[in-house]
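Presented below is the structure to which this report refers.
The values are calculated or read from the model by the stated rules, or taken from the named source; none is laboratory data. Remember, it's a predicted structure, so these values are computed and weren't measured experimentally. Neighbour counts run over all protein chains shown; Cβ positions are idealised from the backbone, glycine included.
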Amino acid sequence: MQNGISRRGLLAGTAALGAWAVAGMRPAFADKATFAIPRDPIAPIPAGSSLRWVDSGDNKARFYKAFMPQYSDARGGAKIVYDGLPWDQIGTVVPLGIRNGTAQDVFSLPLSVSGAYAVANGWVQPYDDFMPDLAAWKAGFPAGAFLEGLNVFGGKTYGLPYNSGRMSSAYTLYSVPLMQEAGFDPAGKPLSWDDMRHAALKITQAGKGQRYGWIIGGSQVNRWGAVVRSLAQASGAAGGGSGPWADLDFRTGEYLFDSDAYVGAIDLLLAMKTDRSVFPGVMGMNAPQARAFIAQGAAGMILQGPWCVPQWQVQAPKFDFGSARTPAMNPAQGGATIVDAVASVNNTMWIWKGSKNQQLAADLFHYLGTVQGQTDWVNIVGPGDPPILPAAAKAAKISPRAQQVLELGETSVRVGPNPLVRNPALAGVTAVFKAPTPGFSATVQGLFSGQLGNVKQAMTELKSRMNAALDTALAEAAKKGSKVSRDDLIFANWDPSRDYVQADYNAL
């Protein structure tokens, strides 16, 4: 181990800080919060109604564990059961419950399942008939929150989009004192790639083996793809999408893996490794452990999401940190990071088709889609799962740092095309798509660790594997009756500098 940090010391610190980070933050006021739940439900709730709700927990669990008992009292003692489960368990529990007729009344869809698939296969039901003021309620959401093919199907509303998807998982989060000492102010002047490398080197040199310029949770393979994708997008790579079409340039329908921006982003990480500016041992730590080292002053920068902010504010209240845009090759000419929906797809909630408690579920959905409900939400959850209503973010009683990172979502993230909105039949492709091995994130991880060499060659080979996997999935879906083609993935009217909205879909 280089520069004075022993292997034993690193492992001990990683274990301790990992436990510290995973423990999470629990705001002191969460247990004492009083929620402004409307006195009357939006429509009569049948006596004896109950509700079983399951999602991926984390920040959300803090809100629901404080909120659900008060909501139960406000609704005549209706029994409410909330479960926060890891995504891998959701991927097992939800489909099994649907097959057995024992599913939760309200659930998040497994990561591999689209709303289109859930609707087509009879997993979920719309809530149109259970919200008397549905049209007025939906009108309070930002444009694009409800889209046919995403959470609306056949004109019926199926999904509750109460979290914003306008969020990057790779903002520049940094120690203010260490950055100032190195001569940089990312919030005032966004970092270029050269700035990022030079700042990391200066922090490392000044640290003399006690601190380093940049850190990543390198054992968590998805972080490698997220970081490279964000660096490339911020530098003008018009890549969007998720699942089979992640990292496609939707203007051409071609994967961007071997483009100058993607290859250059990997070269940037390798350059910092060559400079010895990367915290030693990153391949043996996960993302929560990495962000914990930042708060301890062991590293100057990390590229992660807004969920770090509430963690640091509670667990390390003396830590002076800032947040800024993802570094760009040339900030003056760079672009925005890109998401494929205004609403957070993973946090969208659905009502099981077999539920007999639809009215109770719809009443709770209604509250979460109001400014008051969203304000109550962000006051506890903070920016980690941002509210979809901008008015709620402005009304929330949160710190300036939390407000700052929420504003980054509005200023540095754009919404790109979503192929499922254009052709919901593409859900048949996502259902059969088998990602190649190694995939994007694993390829980047392998290049950084030295298991793979020649960045351009490795990324060109990845592009070939992804094209083959996509073509296979399209063919298999077509054989099963889905009317799909690669033409569905080309949006010639996409301008990556602005949001892709319903009018753009209509113009195709």
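Observations, loosely collected:
- When residues of the stretch 48-67 are limited to those that are more than 18 Å from the chain's Cα centre (by Cα) and surrounded by fewer than 18 Cβ atoms within 10 Å (Cβ to Cβ), the one modelled with the highest pLDDT: 50
- Some residue of the stretch 115-122 being touching a Lys or Arg at 6+ places or on another chain (Cβ under 8 Å), on the phi > 0 side of the Ramachandran plot, modelled with pLDDT of 95 or more and not acidic (Asp, Glu): yes
- Scanning the stretch 262-286 for residues that are buried (at least 23 other Cβ atoms within 10 Å of the Cβ) and either of a type in the set (Gly, Ala, Ser) or not assigned by TED's automatic domain parsing to the domain that holds residue 308 (or both) gives 265, 277.
Conditions (1) part of a helix (DSSP H, G or I); (2) over 30 Å from residue 434 (Cβ atoms); (3) basic (Lys, Arg); (4) out of contact with any helix residue (DSSP H, G or I) (no Cβ under 7 Å at 6 or more places or on another chain), marked per residue:
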residue: 219; (1), (2), (3), (4): no, no, no, no
residue: 228; (1), (2), (3), (4): yes, no, no, no
residue: 237; (1), (2), (3), (4): no, no, no, no
residue: 252; (1), (2), (3), (4): no, no, no, yes
residue: 280; (1), (2), (3), (4): no, yes, no, no
residue: 303; (1), (2), (3), (4): no, no, no, no
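- Selection status of residue 149, over 24 Å from residue 306 (Cβ atoms) and outside the structural domain of residue 435 (by TED's automatic domain parsing): yes
- Output for the stretch 434-462, where each listed residue is buried (at least 18 other Cβ atoms within 10 Å of the Cβ), in contact (Cβ under 8 Å) with a residue 60 or more places away in the chain and over 13 Å from residue 224 (Cα atoms): 455, 459, 462
- Matching residues in the stretch 76-117 - criterion: being of a type in the set (Ser, Thr, Tyr) and closer than 28 Å to residue 418 by Cα: 92, 108, 112, 114, 117
- If you go through the stretch 130-152 and pick out every residue that is assigned to a strand (DSSP E or B) and out of contact with any strand residue (DSSP E or B) (no Cβ under 9 Å at 6 or more places or on another chain), you end up with 1.
- Filter result for residue 120 (small (Gly, Ala, Ser), farther than 30 Å from residue 481 by Cβ, surrounded by fewer than 21 Cβ atoms within 10 Å (Cβ to Cβ) and not assigned by TED's automatic domain parsing to the domain that holds residue 224): no
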